[in-house]
1. How many residues, within region 107-137, are modelled with pLDDT under 90, farther than 12 Å from TRP150 by Cβ and in contact with a helix residue (DSSP H, G or I) (Cβ under 9 Å, 6 or more places away or on another chain)?
2. Hey, ASP293 hits all of (1) within 18 Å of the chain's Cα centre (by Cα); (2) surrounded by fewer than 21 Cβ atoms within 10 Å (Cβ to Cβ) but one; which does it fall short on?
3. Can you pull out every residue in region 252-274 that is part of a loop (DSSP other than H, G, I, E, B) and either in contact with a strand residue (DSSP E or B) (Cβ under 7 Å, 6 or more places away or on another chain) or acidic (Asp, Glu) (or both)?
4. Here are some residues: LEU202, LEU187, LEU192. Which one is open to solvent by less than 50 Å² (accessible area, probe 1.4 Å), of a type in the set (A, V, I, L, M), in contact (Cβ under 8 Å) with a residue 40 or more places away in the chain and not in a helix (DSSP H, G or I)?
5. Out of all the residues in region 19-42, is one or more under 27 Å from SER179 (Cβ atoms), out of contact with any Pro (no Cβ under 7 Å at 6 or more places or on another chain) and modelled with pLDDT under 85?
6. Select from region 277-306 the residues that are within 21 Å of ALA204 (Cβ to Cβ) and in contact (Cβ under 8 Å) with a residue 60 or more places away in the chain and list them in ascending order.
7. Does GLY72 count as within 25 Å of LEU160 (Cβ to Cβ), surrounded by 17 or more Cβ atoms within 10 Å (Cβ to Cβ) and either at pLDDT below 75 or small (Gly, Ala, Ser) (or both)?
8. What single numbered condition from (1) more than 24 Å from VAL91 (Cβ to Cβ); (2) outside any strand (DSSP E or B) fails to hold for GLU213?
Amino acid sequence: MSISADERRTRILDAVRDLGSVRITELAERLEIPAVTVRRDVAALADAGLLRRSHGSVSSAAAPGAAAPARGDGPSIGLLVPAVGQYFDEVIAGARAAAARAGASLVLGISSYEASADRVQVEQLLTSGAQGLLLAPNWTPADGPEGREWVEDLPVPAVLVERRPAPGSAAEDLDSVASDHRHGVLLAVRHLAALGHGSVALVARRDTWTAHEIRAGYAESCALLGLPAEPVIDIVRPVADAEDVADALAEAHARGVRAVLVHNDQDAIQLLPLLRARGLQVPGDLAVVSYDDVLAELGAPPLTAVAPPKRAVGAEAVALLLRRLGGDDALPVHHLLLLPRLTVRESCGAAARSN
């Protein structure tokens, strides 16, 4: 069964931490993943500072459950993310660079897209000596307050990363830095409307914070622009649902829909040949915009995409946490939203440019 890049890279990190040092070919055999895929994932993890490569081998000096990619003379900062790979790689890179510039240490905890794992990882980060926390917990806007109360008892300052605390929730008094995904969706839908599309379909997951924000942003954008809100085409099982999603888009096209926003890049790129197999050319028959802009430029054709400011989110979160750690008692609680950008490429039938 296929697994996502996030899951692969988490498994690679876990295996390397258990083994200490291992040849990439042996790692591929152990995980039953093609060696070429492992090499690509190891390169991405090394670029993010999570692993070390040397002459065909890979190693990590971090203890199981936490990675220490950068250490300085300043405070130790713990960063909790739900997975590594693609989206959060760039958030980590932004936080890592900002911490290094400030002489701070950054220690990484990786959860597993299960809310129960968050607290365990946070306790590990605190045990490792973290004096402040950057948290991207496994919450969605649809979740209730259960399981979030632990944030009220944190013994150190904390900043939410790519999460927005709900009013009245246990996290409402925490600082937060996040991408404004609803604005990102508006950029995409408004661009497609400006090209003359009278309706825009949405293909989206529903299992992450970003997915819920994109769905909400789609409804808001259609209402604002006077477009009909099409029934959302769900991705429940990435990869496995691709054929069904392509069929649903073909049916939408038959109803007159000529444009679609897909969350995320990986799912959008996978759809392109499936749409061609159904006689739909991109952009001739269907304009496609993807969300994330991590892999979008590598599509055939290159995909117009919304790019959340992932590195800036990580950097701003570090800067805000350092102000807290510096004892700025007059600093009010910050809930910062950073605006995404839209990069137009060939999949919308327009010359490449950025808005």
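1. Looking only at that region, the number is 4.
2. (2)
3. Applying the first criterion (part of a loop (DSSP other than H, G, I, E, B)) to region 252-274 yields 255-258, 264.
Within region 252-274, VAL257, ARG258, ASN264 meet the criteria.
4. Working: LEU187 fails: not in a helix (DSSP H, G or I); LEU192 fails: not in a helix (DSSP H, G or I).
Selected residue: LEU202, the only one of LEU202, LEU187, LEU192 that is open to solvent by less than 50 Å² (accessible area, probe 1.4 Å), of a type in the set (A, V, I, L, M), in contact (Cβ under 8 Å) with a residue 40 or more places away in the chain and not in a helix (DSSP H, G or I).
5. We begin by selecting, within region 19-42, every residue under 27 Å from SER179 (Cβ atoms); these are 40-41.
Subsequent filtering for residues that are out of contact with any Pro (no Cβ under 7 Å at 6 or more places or on another chain) retains 40-41.
Still in the list and also modelled with pLDDT under 85: 40-41.
Yes, some residue in region 19-42 is under 27 Å from SER179 (Cβ atoms), out of contact with any Pro (no Cβ under 7 Å at 6 or more places or on another chain) and modelled with pLDDT under 85.
6. Residues satisfying the conditions are VAL282, PRO283, ALA287, VAL288, VAL289, TYR291, ASP292, VAL294, LEU295, THR304, VAL306.
7. Details: within 25 Å of LEU160 (Cβ to Cβ): yes; surrounded by 17 or more Cβ atoms within 10 Å (Cβ to Cβ): no; either at pLDDT below 75 or small (Gly, Ala, Ser) (or both): yes.
Criteria not met by GLY72.
8. (1)
The values are calculated or read from the model by the stated rules, or taken from the named source; none is laboratory data. Computed from a predicted model, the values in this text were never measured in an experiment. Cβ: placed from backbone, ideal geometry, glycine included. Neighbour counts: every protein chain shown. Note: accessible area is taken over every heavy atom of the protein model, side chains too, but ligands, DNA and RNA are not part of it. Shrake-Rupley method; radii C 1.70, N 1.55, O 1.52, S 1.80 Å.
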